[in-house]
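K.L.:
Before anything else, here's the structure in question.
The values are calculated or read from the model by the stated rules, or taken from the named source; none is laboratory data. The structure presented is a predicted model; accordingly, all values stated were derived computationally and were not measured. Here the Cβ positions follow ideal geometry from the backbone for every residue, glycine too, while neighbour counts run over all protein chains shown.
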Amino acid sequence: MSEHRIATRHRILKAGTIEFSGDAIPCTVRNISETGAALEINSPLWFPEHFTLNITSDGLRKSCHIVWRKEKRIGIAFD
């Protein structure tokens, strides 16, 4: 099965937060590229389609939107 990705993914395991409207939900960043990332969410809470991903350890803060959801994982694209 070939992948048709715009940018190469890099596997990582870093703590992040999904931030919106003054709220923050913890997540784990499982992989990342220049154009997006895959996140693992342990909370069943709702969050919007557009939010800011913050990875404090890397100083990364990017606006993004959801492109897919599957159980506790979501795929995002950076805006």
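K.L.:
Restricting to the stretch 45-71, and then to whatever is in contact with a strand residue (DSSP E or B) (Cβ under 8 Å, 6 or more places away or on another chain) and aromatic (Phe, Trp, Tyr), can you tell me which residue is surrounded by the fewest Cβ atoms within 10 Å (Cβ to Cβ)?
P.N.:
TRP68
K.L.:
Which pairs turn up if I take residues in the stretch 33-46 that are farther than 16 Å from SER63 by Cβ and look for partners that are among the polar types (S, T, N, Q) and not in a loop (DSSP other than H, G, I, E, B) with beta carbon separation below 8 Å, at least 6 apart in sequence or on another chain?
P.N.:
ALA38/ASN31; GLU40/THR28; ASN42/THR28
K.L.:
Is it the case that ALA24 is at pLDDT below 95 and small (Gly, Ala, Ser)?
P.N.:
Details: at pLDDT below 95: yes; small (Gly, Ala, Ser): yes.
Considered against the rule, which asks whether it is at pLDDT below 95 and small (Gly, Ala, Ser), ALA24 comes out as yes.
K.L.:
Testing ILE76 on (1) touching a residue at least 40 places away in the same chain (Cβ under 8 Å); (2) within 18 Å of ILE6 (Cβ to Cβ); (3) surrounded by fewer than 12 Cβ atoms within 10 Å (Cβ to Cβ), one condition comes back false. Which one is that?
P.N.:
It fails just one condition, (3).
So that you can scan it fast, the table gives a plain yes or no per residue for (1) out of contact with any strand residue (DSSP E or B) (no Cβ under 8 Å at 6 or more places or on another chain); (2) in a strand (DSSP E or B):
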| residue | (1), (2) |
| --- | --- |
| ILE6 | yes, no |
| GLY16 | no, yes |
| ALA24 | no, yes |
| ASN31 | no, yes |
| SER43 | no, no |
